[in-house]
Amino acid sequence: MEEKLQLLGKEAIAALAEAEDVKELENLRVKYLGKKGELTELLRSMGSLPKEERPRMGQVANQVREQVESAMNEARKRIGRLEMEARIAEETIDITMPGKTFVQGTKHPLTQALDELKAVFIGMGFSVVEGPEVDTVVNNFDMLNAPKNHPSREMSDTFYINEKVILRTQTSPVQVRTMMNTKPPIRVISPGRCFRNDTPDATHSPMFNQLEGLVVDKGSTLGDLKGSLEIFARHLFGEHTQIKFRPHYFPFTEPSAEVDVTCFKCGGEGCSMCKGSGWIELLGAGMVHPNVLRNCGIDPEIYSGWAFGMGIDRIAMQKYGIDDIRLLYENDLRFLSQF
Ligand code: DAH
């Protein structure tokens, strides 16, 4: 019996010393020390020994069990260390490896140009309002004093949804909406998409973007319009920029003008950018026509106003040297990722 015990103990200790992982360890525990384990069975069989041998055998048995248990604890610690080392080796981060590159998009050049325009006007006290892209003939033409026979009303120029509803051809109807909804003083800009029945080419797109400006107050003058546009042009194109008003006609302003800026590339000398003239056309502007004020419920005897409208596409094209408006709407990443 004693020999058997010692042998079993040795066997168990040797096996434990070889165990390599937690699972193996657990199997050995069950095999020797579990309820039906070999050592347990042997101890249980001590009941059949003659009485006088029992105390001594009990001592030996306890000794062997303690030895096996301490070998088990040793093995557990050893395996714990091994597994930790393996985990550390596996989970190490190699900080010398190149990082994963994150492809970040850029703002569309139109959005960049618009952000800049907005920043300048917000800095001058304007707030930004928006109007719908689908608007009425009344807001887009009638209220803006457009004669009934004005050519821009033709189907060949304007996209009609039905007789009364169109895709707006300009941002100017937002002037009407603003004056109908707000009491002066009014100082707003309104950017957005516009639509005209144009065949696309390098300078025309059936969808394009405008930015409208409107100021209505007591005593606002053409001088305020000129001064404000001059400040705007200098912010946008540099402090030496000059502006020039050329007489023009718009139904909703009187007097009306087209406003040019000195070419920001040559400074007015004449170059390919300005086609040799030294000037670049920037926008349309004028004093709000009394009829328009009256249409919108504002008394032209008390209030006066000025307005302007510009093509954002053209400004973006000039700023970034883009020579074809269609590039702005084709969504080609080879083009867009340059900005
Ligand atoms: N709506 C005009 C256009 O599309 C631009 C314009 C000119 C707007 C003069 C204005 C303005 O507000 O006063 O050509």
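The values are calculated or read from the model by the stated rules, or taken from the named source; none is laboratory data. These numbers come from a predicted model, not from an experiment. As a convention, Cβ positions derive from the backbone with ideal geometry for all residues, glycine included, and neighbour counts pool all protein chains shown. Note: accessible area is taken over every heavy atom of the protein model, side chains too, but ligands, DNA and RNA are not part of it. Shrake-Rupley method; radii C 1.70, N 1.55, O 1.52, S 1.80 Å.
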| said: Can you give me the solvent accessible area of H289 with a 1.4 Å probe, rounded to the nearest 10 Å²? | reply: 40
| field | I231/I95 FRET efficiency (R0 51 Å; Cβ-Cβ; nearest 0.05) | value | 0.45
| Share of carbon and sulfur in the accessible heavy-atom surface of segment 2-90 [1.4 Å probe, %] | 52
| field | Burial ranking of peptide ranges 299-309, 277-287 (average Cβ count within 10 Å, highest at the top) | value | 277-287, 299-309
| query | In square angstrom, rounded to the nearest 10, how much accessible surface does E41 have for a 1.4 Å probe? | reply | 90
| With the Cα gyration tensor of segment 1-139 giving a ≥ b ≥ c as the square roots of its eigenvalues, does the rule (a/c under 1.5 for rounded; else a/b larger than b/c for prolate; else oblate) give rounded, prolate or oblate? | prolate
| message | Less than 16 Å from a label point 7 Å out along the Cα-to-Cβ axis of R81: which backbone N atoms in segment 1-27 qualify, by residue? | response | 17-22
| said: Could you report segment 109-336's accessible area per residue, 1.4 Å probe, as an integer in Å²? | reply: 48
| message | Quick check: net charge around E154, other residues with Cβ under 14 Å of its Cβ, Lys/Arg +1 and Asp/Glu -1? | response | 0
| request: Answer rounded, prolate or oblate for the chain, using the Cα gyration tensor with square roots of eigenvalues a ≥ b ≥ c: rounded when a/c is under 1.5, else prolate when a/b is larger than b/c, else oblate. | output: prolate
| task | Could you list which residues have their amide H under 5 Å from that of C194, counting only those 5 or more apart in sequence or on another chain, with H placed in the peptide plane? | result | F208, N209, Q210
| What is the spin-label model distance, in nm, from Q104 to V120 if the labels are put 7 Å beyond Cα along the C-beta direction? | 2.7
| When the accessible area of segment 109-336 is split by element with a 1.4 Å probe, what percent falls to carbon and sulfur? | 52
| request: Between K36 and E2, with labels modelled 7 Å along Cα→Cβ, what's the label distance in nm to one decimal, could you check? | output: 3.2
| said: Can you list which of the DSSP-assigned H helices in the chain have a Cα extent of 20 Å or more along the long axis and an average Kyte-Doolittle score of at least 0.5? | reply: 109-123
| task | Please give the length that would be gained between F339 and V138 if that part of the chain were fully extended, namely 0.36 nm times their separation in residues minus their C-alpha to C-alpha distance (nm, one decimal). | result | 68.4 nm
| Built amide H within the under 5 Å cut-off of V165, gap 5+ | V137
| Contact order normalised by residue count of segment 2-90, Cα under 8 Å, 6+ apart, percent | 40
| remark: From most to least accessible, 1.4 Å probe, no ligand or DNA/RNA atoms counted, L7, L33 line up as L7, L33
| message | Show me, for segment 194-200, the HN-Hα J-couplings you get by feeding each phi into the Karplus relation (A = 6.51, B = -1.76, C = 1.60, θ = phi - 60°), rounded to Hz, glycine and proline as x. | response | 10, 9, 9, 7, 9, 7, x
| With the Cα gyration tensor of segment 242-339 giving a ≥ b ≥ c as the square roots of its eigenvalues, does the rule (a/c under 1.5 for rounded; else a/b larger than b/c for prolate; else oblate) give rounded, prolate or oblate? | oblate
| In terms of modelled amide H atoms, which long-range or inter-chain residues lie less than 5 Å from the amide H of H248? | S256, A257, E258
| message | Between K10 and N27, what is 0.36 nm times their sequence separation minus the Cα-Cα distance? Round to one decimal in nm. | response | 4.4 nm
| remark: In Å², rounded to a whole number, the accessible area per residue of segment 2-90 with probe 1.4 Å is 72
| Contact order relative to length of the chain, as percent, for alpha carbon pairs under 8 angstrom and 6 or more apart | 15
| said: Please compute the length gained on full extension between N162 and N149, using 0.36 nm multiplied by the number of residues separating them and subtracting their Cα-Cα distance. | reply: 2.9 nm
| field | For the chain, calculated [θ]222 nm from helices alone, where every DSSP H run of n ≥ 4 adds -39500 (n - 2.57) | value | -12500 deg cm²/dmol
